[in-house]
Structure formats: structure tokens, C-alpha cells
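Below is one structure, written out as C-alpha cells; comments come after it.
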Amino acid sequence: MTDDRTRNGPAQPPSLAEAIDRLADELGDIHRHDSGVVVEYVRGATVFATCHGGSFGFRLRPEIAAAALRTPDTTLSARGHDWISLQPHAVDAFALDRALAWFESAWRRAGEPYQPLPLATPARPN
């Protein structure tokens, strides 16, 4: 039997990467591509999350990405308008909760049929 406790007390919380890998195992239907530099999480043919060092990327619905950008340690990703990057300065319960929720949300979105974003319609003159 394995014991996650340290010699001096209770178990150390998992790193974000470890927690995401555990969730990926639970969710299933995920291929993990590790290039040695970046880890990509793929469902079907869609990359929906990434891990690069201490930075994590998630492909979210635009309204969720917009809300995520109002939380600490989160920025827009260079991957596109529906991607956010999370690079927490401290891995606390809040950062862990956000990362796992965004990973699962991105996984769910990757399993949906592709739906292009609607084109903006030009305003009509009055």
C-alpha cells in the first residue's frame, strides 16, 4: 500500500500537472502528447489543453474564457481568442480548483461537434 503522507505530516497537495493528469485518467477519451517541452491533451482530433512548465492552457467557450480572464494569474493565450493561460504564482486550493474546472470544461467542449463562431453582421444605417 502506498502512503501519500510525508515523513513529517500530512500528504503534500498534488502539483497542478499531477492533478490534471489524474483528472485526465478519470475523464477518459484523452490522448496525452508529450513533446518533451509541451504536453498537449487531445480529445478526438482537438487539442483542448496544454502544459508547458508551470503554465497551463485551456481552450474554453468564449464566455467562459472572458470570465476566466478576470481571475488571478490568467491571461489570453497566443493560441487564439478561446484559449486562456493560467500561470499561478502559488498553487493553492483556488488555483487547483480553477485549473481542474477549466480542464474539464475544455474536455467537454472538445467532445462537441464543431460549431463555427457566427459572423458579425454589420450595423445597418438608420
Exercise for the section: Compute the distance in nm between two label points, each set 7 Å from the Cα along the Cα-to-Cβ direction, one at residue 38 and one at residue 69. Expected result: 2.0
Exercise for the section: Return the sequence-ordered ³J(HN,Hα) values of the stretch 75-91 in whole Hz as given by the Karplus equation 6.51 cos²θ - 1.76 cosθ + 1.60 applied to θ = phi - 60°, using x for Gly and Pro. Expected result: 9, 5, 8, 6, 6, x, 5, 9, 10, 10, 10, 10, 9, x, 6, 9, 8
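Going by how many other beta carbons lie within 10 Å of each one, how would you line up 102, 107, 83, fewest first? Don't skip to the answer; put the middle values down first.
Working: 102 25, 107 22, 83 19.
Starting with the residue having the fewest Cβ neighbours, the order is 83, 107, 102.
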Exercise for the section: Taking the Cβ of each residue in 70, 109, 59 as the centre, tally the other Cβ atoms inside 10 Å and list the residues starting with the fewest. Expected result: 70, 109, 59
Problem - Against the rule of thumb 2.2 N^0.38 Å, how large the Cα Rg of the stretch 14-110 comes out - result: 0.96
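Rule-based calculations on the coordinates, nothing more; no lab input. Since the model is a prediction, treat every value here as computed from it, not as a measurement. Here Cβ is always computed from backbone atoms with ideal geometry, including for glycine, and neighbour counts include all displayed protein chains.
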